Protein chains: 2
Amino acid sequence: MTKQMLLNAFDMNTVGHIQHGMWRHPRDESHRFGELSYWTGLARTLERGLFDGLFLADVLGVYDVYGGGPEAAIRNAVQVPLNDPMLLIPAMASVTQHLGFGVTCTTTYEPPFLFARRMSTLDALTRGRIGWNIVTGYLDSAARAMGLAVQVPHDERYDWADDYLDTVYRLWNASWDDDAVVMDRASGVFADPARIRRVQGVGRYAMDAMHLCAPTPQRTPLLYQAGASTRGRQFAAQHAECVFLNGTSKPQVATLVADLRAQALHPLKVFVGATVVVAASDSEAAEKFADYRHYASVEGALAHFSASTGIDFAKLDMDAPIPSAPGQSNQSNVEAVTTRAAQVWTKRRLIDSFILGSRQPPIVGGPQTVADALIAWMTEADVDGFNLSRTVMPECLEDFVNLVVPVLQERGVFKTEYTEGPLRQKLFGHPRLHPDHRGALRVS
Amino acid sequence: MTKQMLLNAFDMNTVGHIQHGMWRHPRDESHRFGELSYWTGLARTLERGLFDGLFLADVLGVYDVYGGGPEAAIRNAVQVPLNDPMLLIPAMASVTQHLGFGVTCTTTYEPPFLFARRMSTLDALTRGRIGWNIVTGYLDSAARAMGLAVQVPHDERYDWADDYLDTVYRLWNASWDDDAVVMDRASGVFADPARIRRVQGVGRYAMDAMHLCAPTPQRTPLLYQAGASTRGRQFAAQHAECVFLNGTSKPQVATLVADLRAQALHPLKVFVGATVVVAASDSEAAEKFADYRHYASVEGALAHFSASTGIDFAKLDMDAPIPSAPGQSNQSNVEAVTTRAAQVWTKRRLIDSFILGSRQPPIVGGPQTVADALIAWMTEADVDGFNLSRTVMPECLEDFVNLVVPVLQERGVFKTEYTEGPLRQKLFGHPRLHPDHRGALRVS
């Protein structure tokens, strides 16, 4: 059988996520992000389109590098206001049966005992449809919000994250035996104490406790990771089951994918970011794209990109070469900028690359054109699927489900029904971590 | 108009909450606590009965005092397994319009910046139906789970909590002006940076950040508090809008209520814990009670009470006087035990008081009898309403809604429809904190 495409919607509990300025479009409803019905409607659309998951991004601070303050981000609704992503999931799970949910949570700031219980609770309530996008945080504003003067350095954050993961693995996988809950009404024994034990935290996450939650369908949430730095890829090889990459060049992404697959100690699914503008025909799609583009915000895109790179683009001349970034910023994006700096990138060229309000160029066309483009990514870059960014909501996802999904199915690259079982079962064929995975602890 | 009775269901994301052993009853469904449909069904029942709220308890550790370990708690499902309570709320909110949700979260272990965002997210998603039961934690097992060797001492935890509250008040009330979100599509301004500012944390909760969430209907969740110690009552006078008490003697509770109302700097609603076993007639209720009582667990009740008091009752002779408790345990219960010790309480007398699996004696009777008993509490102890503990689920709440609520309405002490607006509006007539409240910060 032809390799099957995986599809996640890529979203955030906010107004402007990736393509900035789209909230200004008269049909856009992203300002409804605080309403439950907005999210339950989205979940129903995605499940109708047999999407594998909804991937929810998050950050814990405001983008305040551009112009030396948060003003541009606030004006343009660039990921602010920003609500908690985890709390959307129970409502969406209650109106769906199969859709997965990948939620971004940071190892640097969430206490592991409390976090492990939240994820187990979600895994129970969703009947095994939870994924975790592991991040370590990269904003100075988040560090200050958490009471730190400055951020923990990049590579050290990943060292902490290794300890954090090893701690939550123990809570999820080594504290309760699968058969600990016996629920014997006659004898009055609900769970057998001999099959439950305390576990100890690792490294800086010293703790001593039994997990409070009984085993859930997946035990460990499906593990996503998106760090593209050298240390981030090393971390991904140890922990990630799914990797999320961004890139505009298929050969460059193919090289990165090959490196990730070679390093990984267990099977890996790779998702690449994509933005699609689709309509019934290529010409109608071009019209829709021109309409959307009218609302794109350069200031919003600059505010976002400045925070990602640590470079204040408000200070730069339009035609001066882009300097290298300071050390505290998001490493993967720093590397990207540095590469481009060697090609004499300028602020003017950067702004020209902000097509719909971000540096991610959209795939624009009728259903066949879009299907061709997506299939080419899978073939040429060896990715398994896509995290689809939103433009005008919810019509961009309705368009995709109505127009692109049927063509992908005709081409034989997309499922026509869901597989039963938890999210990991659907993607990898087994509900729990692969036995070779670092977190697949054996209970003594 | 006669004073109107307030009603909360008192529950927990677990099998056994207060009346231990009830899970053994053949009709009990509390083992379904990991299923969304269990909770959405409960929420619909409560809203049908015009309940004001669902109050969700929580602890962050296991009860391991009795017998020197968690075995008795685990066997009897005494608040273990225990899932996160907050994550139940979005699903229940999506199937209701008016029901409030009070959720227990501890100031000692949740980082304030992350917690404030979670509560704002819930207040948005529920359209202002969120309450917070402020606790400081009292279990050594929770302290160890959070990486501490021992607990922070009782009164010091309340000092920390004062700083914590003052920090989250700033995030909720002083960071964004009411009119900060302008959403002007024409000018491209979503929010006005001049109407948003960073706030600073207080005391040990040093931080510097703008709140990430735009103003929500209540801004500050409705504030519940349940500490009955001297320091706890002092804290309640400063912060709590609703107080939750337990007590079996109306005159003693009346004294406590008078003290609380005298100390409080703002209007206060007082809820007392109650357990009701109701049927169509007094005699049928007596039969039902006898049936339920058959399943009550003495070991479960001892495991819970040992943890509450810090006394290992497994070590005590049946007829020896109960000693005073060590210092690390739940202060309010310690005081209760000490009082009783003066009356020469023994383990045997304690066990005799575990009528349905806890020390809370049930109100048993037909609808008129139950209504009489509840109204007597309101009249004689000056409480505003009740946190109703569960017995056999969900039938105990269905019985209450079907049988007791209509009688309370006939008596003119219970509403026949909900008031519109947020939870605080329904209870106090205004959606935001009272202007005299310590947290009602004025934006400069």
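Considering segment A:62-78 alone, what residues qualify as being within 11 Å of chain B (Cβ to nearest Cβ) and open to solvent by 10 Å² or more (accessible area, probe 1.4 Å)?
A:62, A:64, A:67, A:70, A:71, A:75, A:76 - these are the residues of segment A:62-78 that are within 11 Å of chain B (Cβ to nearest Cβ) and open to solvent by 10 Å² or more (accessible area, probe 1.4 Å).
Name the residue that is farthest from residue A:179 (Cα to Cα), counting only residues in segment B:96-116 that are among the hydrophobic types (A, V, I, L, M, F, W, C) and at the interface with chain A (Cβ under 8 Å from one of its Cβ atoms).
If we take residues in segment B:96-116 being among the hydrophobic types (A, V, I, L, M, F, W, C) and at the interface with chain A (Cβ under 8 Å from one of its Cβ atoms), then B:113 is farthest from residue A:179 (Cα to Cα).
Considering each of B:435, B:431, B:394, B:406 in turn, give the residue that is surrounded by fewer than 22 Cβ atoms within 10 Å (Cβ to Cβ) and under 24 Å from residue B:27 (Cα atoms).
When all the criteria are applied, what remains is B:394.
The conditions are (1) modelled with pLDDT of 95 or more; (2) under 15 Å from the mean Cα position of the chain (by Cα), and residue B:136 fails exactly one of them. Which is it?
(1)
Would you please name the residue that is farthest from residue A:417 (Cα to Cα), looking only at residues in segment A:1-32 that are within 14 Å of chain B (Cβ to nearest Cβ) and open to solvent by 20 Å² or more (accessible area, probe 1.4 Å)?
A:24
Among the residues of segment A:15-61, write down those that are of a type in the set (Asp, Glu) and farther than 13 Å from residue B:190 by Cβ.
Within segment A:15-61, A:29, A:35, A:47, A:52, A:58 meet the criteria.
Which one of these does residue A:300 not meet: (1) touching a helix residue (DSSP H, G or I) at 6+ places or on another chain (Cβ under 9 Å); (2) over 24 Å from residue A:166 (Cβ atoms); (3) open to solvent by 10 Å² or more (accessible area, probe 1.4 Å); (4) among the small types (Gly, Ala, Ser)?
(3)
Report the residue count in segment B:217-254 for those that are open to solvent by less than 10 Å² (accessible area, probe 1.4 Å) and within 14 Å of chain A (Cβ to nearest Cβ).
Count: 2.
Taking residue A:271 and the conditions (1) open to solvent by less than 30 Å² (accessible area, probe 1.4 Å); (2) at pLDDT below 95, which numbered condition does it fall short on, given that it satisfies the others?
The single condition residue A:271 does not satisfy is (2).
Do we find a residue being within 30 Å of residue B:194 (Cβ to Cβ) and either at the interface with chain B (Cβ under 8 Å from one of its Cβ atoms) or among the aromatic types (Phe, Trp, Tyr) (or both) anywhere in segment A:45-55?
no
Where in segment A:377-435 are there helices (runs of 4 or more DSSP H), lying wholly inside it, with at least 1 residues that are farther than 28 Å from residue A:255 by Cβ and touching a helix residue (DSSP H, G or I) at 6+ places or on another chain (Cβ under 8 Å)?
A:395-399, A:405-410
Residue-by-condition table, conditions (1) modelled with pLDDT of 95 or more; (2) of a type in the set (S, T, N, Q):
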| position | (1), (2) |
| --- | --- |
| A:73 | yes, no |
| A:85 | yes, no |
| A:91 | yes, no |
| A:97 | yes, yes |
| A:107 | no, yes |
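For segment B:310-331: of the residues being modelled with pLDDT under 90 and buried (at least 20 other Cβ atoms within 10 Å of the Cβ), which is farthest from the chain's Cα centre (by Cα)?
Residue satisfying both the conditions and the ranking: B:322.
If you check every pair at least six apart or on different chains, which have Cβ atoms under 8 Å apart with a residue in segment A:287-312 that is touching a residue at least 24 places away in the same chain (Cβ under 8 Å) first and a residue that is basic (Lys, Arg) and surrounded by 24 or more Cβ atoms within 10 Å (Cβ to Cβ) second?
Hits for this filter: A:295/A:24; A:297/A:24.
Residue under question is residue B:364, and the condition is that it be closer than 13 Å to residue B:276 by Cβ, touching a residue at least 60 places away in the same chain (Cβ under 8 Å) and either open to solvent by 10 Å² or more (accessible area, probe 1.4 Å) or part of a helix (DSSP H, G or I) (or both); does it hold?
Spelling it out, residue B:364 is indeed closer than 13 Å to residue B:276 by Cβ, touching a residue at least 60 places away in the same chain (Cβ under 8 Å) and either open to solvent by 10 Å² or more (accessible area, probe 1.4 Å) or part of a helix (DSSP H, G or I) (or both).
Among the residues of segment B:153-165, which ones are open to solvent by less than 30 Å² (accessible area, probe 1.4 Å) and touching a residue at least 60 places away in the same chain (Cβ under 8 Å)?
B:154, B:158, B:161, B:162, B:165
Please count how many residues of segment B:172-197 are surrounded by 16 or more Cβ atoms within 10 Å (Cβ to Cβ) and touching a strand residue (DSSP E or B) at 6+ places or on another chain (Cβ under 6 Å).
10
Is at least one residue of segment B:161-171 over 18 Å from residue B:239 (Cβ atoms), more than 10 Å from chain A (Cβ to nearest Cβ) and among the aliphatic types (A, V, I, L, M)?
Looking through segment B:161-171, none of the residues is over 18 Å from residue B:239 (Cβ atoms), more than 10 Å from chain A (Cβ to nearest Cβ) and among the aliphatic types (A, V, I, L, M).
The values are calculated or read from the model by the stated rules, or taken from the named source; none is laboratory data. Quick caveat: nothing in here was measured; it's all calculated off a predicted structure. Virtual Cβ from ideal backbone geometry, glycine too; neighbours counted across all protein chains shown. These area figures cover heavy atoms from the full protein model, side chains too; ligands, DNA and RNA do not enter into them. Shrake-Rupley method; radii C 1.70, N 1.55, O 1.52, S 1.80 Å.
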